[in-house]
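The values are calculated or read from the model by the stated rules, or taken from the named source; none is laboratory data. None of the values given here were measured: they were computed from a predicted structure. Cβ placement follows ideal geometry from the backbone for every residue including glycine, while neighbour counts extend to all protein chains displayed.
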Amino acid sequence: MAAAARLDPKDYFTPEEWAPISTRSWWKGPAMITHAWATIIAAGAMVVVWPLTLPLAVMIIGARQLGLAILMHDAAHGALHKNLKLNDFMGEWLTPGGLRRYRPYHLSHHRFAQQSEDPDLVLSAPFPITRLSLRRKMIRDLTGQTFFKQRFGSFVARLKARKAGEPLAPIVFAEIKAKRRWLAFGALVTAAGAPFGLWWLWPVLWVLPQATWLPLVTRLRNIAEHACIAVNEPDPMRQARTTRAGVIERLLIAPYYVNYHCEHHMFMHVPCYNLPRAHRILARKGYAERMLIEPKGYRQVLALASSKA
């Protein structure tokens, strides 16, 4: 199995430049997690006061749910906190979780980035597709079909495949066990809100964004990062794409510097909050011309990904 080529930071940064870029902060990771949860709570409070703002809140909360997943991703690289025990604790318990399972899988993606052995290649290989096909995918995301398939597809398959006469209870119990953390969070939020008439907080302000906007922005993120890049691309500067993101895109689509994906693959242990600085230094030195960068933003990436006739 041929691993993707690696870059040596010494070839691109002076020691004085590299030291602050590679340094893990003791406070920035926790601050970003606090920001994500505070934004979710603020968006929820906005709906309680002004119910007509629900569509906007769904987009804001869904983007912060993606943001929490991005911060868990940073924890998988040991970049969320300089203390690795705290790094893993925050990545596992202050985000949607799954860090222990995600880390080996994701590091394999980096080891074989855009090579035939890349476990994430299935996400980018189909592109470009037609505009109609992309539209259908986005509709499935926004209508909850993608969420249902990802969350409950295996459960439905087990129900269909169960042998005649096999008791249903073990299958249901296994599904509850697999989703116990998600259900426990829902029970906690519901119990906290019910005495105030806010029993609907979890289904409306967590599950609804999770079932609609989150799948859509996750798809946009996957497309922007690796779609329309050749399989077995040898150049480490072109195995992932950096996409320009304005204020609205950072709020609703690309939180916590996730758009700097080329720099992330070039130097995967750099904390996400230092990627803009790395980008500026590389651009100043003329390396941006060699890197895969989309300066026109996510709209242009979608146009490229849906350019098949």
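Quick look at the numbers
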quantity	calculated
Considering residues of segment 183-207 that are in a helix (DSSP H, G or I) and touching a residue at least 24 places away in the same chain (Cβ under 8 Å) only, the residue surrounded by the most Cβ atoms within 10 Å (Cβ to Cβ)	205
Residues within segment 1-25 that are part of a loop (DSSP other than H, G, I, E, B) and either surrounded by fewer than 11 Cβ atoms within 10 Å (Cβ to Cβ) or over 25 Å from the mean Cα position of the chain (by Cα) (or both), tallied	6
Residues located in segment 282-300, provided they are in a helix (DSSP H, G or I) and either exposed (fewer than 14 other Cβ atoms within 10 Å of the Cβ) or basic (Lys, Arg) (or both)	283, 284, 289, 299
Within segment 208-250, considering residues that are without any contact (Cβ under 8 Å) to a residue 60 or more places away in the chain and of a type in the set (Val, Ile, Thr), the one surrounded by the fewest Cβ atoms within 10 Å (Cβ to Cβ)	247
Flag for residue 56 being more than 30 Å from residue 230 (Cβ to Cβ) and modelled with pLDDT of 95 or more	yes
Enumeration of residues in segment 129-172 that are at pLDDT below 75 and of a type in the set (Asp, Glu)	166
Yes/no for residue 55 being without any contact (Cβ under 8 Å) to a residue 24 or more places away in the chain, surrounded by fewer than 20 Cβ atoms within 10 Å (Cβ to Cβ), part of a helix (DSSP H, G or I) and of a type outside the set (A, V, I, L, M, F, W, C)	yes
Qualifying positions in segment 70-95 - within 19 Å of residue 38 (Cβ to Cβ) and surrounded by fewer than 18 Cβ atoms within 10 Å (Cβ to Cβ)	93
Hits in segment 264-277 - residues which are outside any loop (DSSP other than H, G, I, E, B) and closer than 21 Å to residue 111 by Cα	264, 265, 266, 272, 275
Per-region count, segment 32-55, residues touching a Phe, Trp or Tyr at 6+ places or on another chain (Cβ under 9 Å) and of a type outside the set (Val, Ile, Thr)	4
Close pairs (8 angstrom Cβ cut-off, 6 or more residues apart or separate chains): aromatic (Phe, Trp, Tyr) in segment 145-162, not in a helix (DSSP H, G or I) anywhere	147/212
Residue match in segment 263-281 (condition: farther than 22 Å from residue 66 by Cα and β-branched (Val, Ile, Thr))	yes
Looking only at segment 26-49, and only at residues there that are farther than 19 Å from residue 63 by Cα and either out of contact with any helix residue (DSSP H, G or I) (no Cβ under 9 Å at 6 or more places or on another chain) or of a type in the set (Asp, Glu) (or both), the one that is surrounded by the fewest Cβ atoms within 10 Å (Cβ to Cβ)	49
Criterion: more than 22 Å from residue 263 (Cα to Cα), part of a helix (DSSP H, G or I) and of a type in the set (Val, Ile, Thr) - qualifying residue of 40, 70	40
